[in-house]
1. Of the conditions (1) buried (at least 23 other Cβ atoms within 10 Å of the Cβ); (2) over 26 Å from M275 (Cα atoms); (3) within 14 Å of the chain's Cα centre (by Cα), T198 fails just one. Which one is it?
2. Considering the stretch 324-351 alone, what residues qualify as being over 24 Å from V117 (Cα atoms) and either surrounded by 20 or more Cβ atoms within 10 Å (Cβ to Cβ) or not aliphatic (A, V, I, L, M) (or both)?
3. Tell me, please, whether a residue that is within 29 Å of the chain's Cα centre (by Cα), within 27 Å of T198 (Cα to Cα), aliphatic (A, V, I, L, M) and surrounded by fewer than 19 Cβ atoms within 10 Å (Cβ to Cβ) can be found in the stretch 47-56.
4. Select from the stretch 105-134 the residues that are small (G, A, S), surrounded by fewer than 17 Cβ atoms within 10 Å (Cβ to Cβ) and within 21 Å of Q26 (Cα to Cα) and list them in ascending order.
5. How do the helices (runs of 4 or more DSSP H) wholly within the stretch 256-340 filter down when requiring 2 or more residues that are among the acidic types (D, E) and under 30 Å from A358 (Cβ atoms): which remain?
6. Of all residues in the stretch 325-360, count the ones that are polar (S, T, N, Q) and over 21 Å from the mean Cα position of the chain (by Cα).
7. Just to confirm my filter: which helices (runs of 4 or more DSSP H) fall fully inside the stretch 362-429 and include at least 1 residues that are in contact (Cβ under 8 Å) with a residue 60 or more places away in the chain?
8. State which residue pairs qualify: first residue not assigned by TED's automatic domain parsing to the domain that holds G84 and inside the stretch 122-137, second residue charged (D, E, K, R) and surrounded by 13 or more Cβ atoms within 10 Å (Cβ to Cβ) in any location, beta carbons under 9 Å apart, and separation of 6 or more residues or different chains.
Amino acid sequence: MPVLAATPPEILAQYELVIGLEVHCQLATRTKIFCSCPVEVGNAPNTNVCPVCLGLPGALPVLSRQAVELAIRGALALHCDVQGESIFARKNYFYPDLPKGYQISQFDKPYALRGHVDIQLESGVKRIGLTRIHMEDDAGKSQHDGFKDSERFTYVDLNRSGTPLIEIVSEPDMRSSEEAFQYMTEVKQALQFAGVSTCDMEKGELRCDANVSVRKKGAEKLGTRAEIKNVNSFRFLKQAIEFEFERQVAIVESGGRIIQETRLFNADSGETVSMRSKEEAHDYRYFPEPDLIPLRISDAWLARVAGEMPELPQAKRARFLSEYGLTPYDADVLTATRENSEYYEKAAAASKNPKAVANWVMGDLAVMLKTAGKEIGESPISPAHLGELVDLIGSGELSGKLAKEIFPKMFETGDAPRAIMEREGLKQISDTGALEKIIDEVIAANPKQVEQYKGGKTTVIGFLVGAVMKLSRGQANPATVNQLLAEKLK
């Protein structure tokens, strides 16, 4: 039974949660950070390797310029101060999938300092400070095969060893699991928009360590923290933080002492479990990497990268509100990913009604893409064709009902809406002469409803309009039908 189940809410209310996050992001490079081995997922184990990433004696690392440029982009996207000089260091520890016996990271002189992430809460905007961002290489991967004949087998795949990472270290500014969730959302979006990483959490491209502690409300001194290691889901992050909060409060309330340790989150039980005692910096025996010279980022290099930065999510959301007249909700949904925002902007540029375009992107198109298992970048309906469809409705050439009929055909074929409309005879009928013939048939076929209308029950006109629409196979212009019917029924 989890400890949190027995913790009364009135006890929890006396404590404050303090959270700092360490986010590890894989850079979207073609090769590893210190060698030319490809960064690819799905290859046979231990095939994307060389003497450098295998840690063989005499092999020397060479820093990837592309990795540095992407790291700079990440720092700028998170409003950090990029340092003119930084130093790589060896972080010594043993693990089976760490072939060198140390990780090449940055310690006391990282490439980026300070920074911030603004998160939107119900109470308003809250700024979360960043302490630093540093570059490092990733370890390999241990694969556990369970037990065979009473023996447990573990295999080591070093394809990932040497993959370039940045580690984003926040200040302990978050006070709830929701704030941590919003922070991770903003960080992920900023990195994706800046082209730093695709941030695919299922592939391990974005991982998070959460440092969690508790203290009595009003206290200034931070409590002893526990680090929850390698959380790879926003939902699991919230669950892990909430469990850890209640676990620590229960220990303190019972007179116990929080141990500084590393813990893992068990998604099946919803609990964190102890992994090992938490190391301090001196345990890693940091010292400057002797095989790498200091990294120097010139003002000219920094200015060039800054000049190539795309518009970031926060600025794009604000522009969507002012330029396209969208609601905050619309802007949030349409900037959830860079691909979403780019598709929408192209479709809006092809239409006179950007708000209607937003509704189609968030509604019908989103549903069809989800059903087909496609991302928006794979949409068979081009942005230009979606904009054209919206304008055909706006001009009166298509009714909303006919548009709903044409849209799946666009998704299936990739054809333009006008081409489908003309090929299948689905154009809206606005010609008054043609509509009057249909209306006369409906009036003749429904004398009871006509008498009811003339007797003062004007709402019955809706029935008659529906009959006209049905007889015209949905092609009659509803506005024109309403007008003609009203005139004839007088």
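The values are calculated or read from the model by the stated rules, or taken from the named source; none is laboratory data. In this text the structure is predicted, and so the values were computed from the model without any measurement. Heads up, the Cβs are rebuilt from the backbone with ideal geometry, glycines too, and the neighbour counts pull from every protein chain shown.
1. (1)
2. Of everything in the stretch 324-351, those that are over 24 Å from V117 (Cα atoms) and either surrounded by 20 or more Cβ atoms within 10 Å (Cβ to Cβ) or not aliphatic (A, V, I, L, M) (or both) turn out to be Y324, G325, Y343, Y344, E345, K346, A347, A348, S351.
3. no
4. If the condition is that a residue be small (G, A, S), surrounded by fewer than 17 Cβ atoms within 10 Å (Cβ to Cβ) and within 21 Å of Q26 (Cα to Cα), then no residue fits.
5. 328-334
6. Count: 2.
7. Here the list reads 400-413.
8. Listed by first residue and then by second, the contacts come to nothing, as the list is empty.
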